[in-house]
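To keep things clear, I will list the structure first and then write my remarks on it.
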Amino acid sequence: MRSEVWASENVGYRFFIDGDGDFSYCKTTDGGATWAAAVQIGANATDLAFDVWFDQWTPGNAGTLIHCVWFGSDADDIFYANINTANDAISTPVVVEAEASAVAGDENFCSITRAIGGNLYVAWECDASAERGFARSTNGGAAWAARTNPQEAITDK
């Protein structure tokens, strides 16, 4: 999982699951010498896995959004939200996929990317059985639709 985004030489974001199980981030504006207090991204406790993607990691994209995906064992769903590095506004979390269960484990993950064409893609496996998937958003993360899952087998990351 990716856990740091640097919007500039001095402005960085570090993502983590805090001691209360909340998916959160801290921000620095002085190249990492100091970090601001943690900011919670989603309202779900007991988060288990996350990933982030910065617009500028996509070739030709000069955008300012950090795209976030995560899941936890309380809501058991895959969530998406973004953070605008221009003003640190966090979008309202959206359910990418409603799942029945989510557990901690080495084989469980979620991953997000933004394609050159602008679509967002999320892949996940949130428990040790068949709850895994792949989804695409064509409208900046507001809505998601299932796609053919590229994973060949359980734990195929």
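Sorted largest first by accessible area at a 1.4 angstrom probe radius, with every protein chain in place, the residues D20, D47, D74 fall in the order D20, D74, D47.
A Förster radius of 35 Å, combined with the Cβ-Cβ distance separating R14 from A146, puts the computed FRET efficiency at roughly 0.65.
Between A89 and A33, what FRET efficiency comes out of the Förster formula 1/(1 + (r/R0)^6) with R0 = 22 Å and r the beta carbon distance, rounded to 0.05? Walk me through the intermediate numbers first.
Details: r = 25 Å, r/R0 = 1.13.
Computed FRET efficiency for A33 and A89 comes out at 0.35.
Near F16, once Lys and Arg are set to +1 and Asp and Glu to -1 for all other residues with Cβ below 11 Å from its Cβ, the sum equals -3.
The values are calculated or read from the model by the stated rules, or taken from the named source; none is laboratory data. Given the structure is predicted, the values throughout are model-derived calculations rather than measurements. In this analysis, Cβ positions are derived from the backbone assuming ideal geometry, glycine residues included, and neighbour counts consider all displayed protein chains. The protein model used for the area step is the full one, side chains on, heavy atoms only, and it has no ligands, DNA or RNA in it. Shrake-Rupley method; radii C 1.70, N 1.55, O 1.52, S 1.80 Å.
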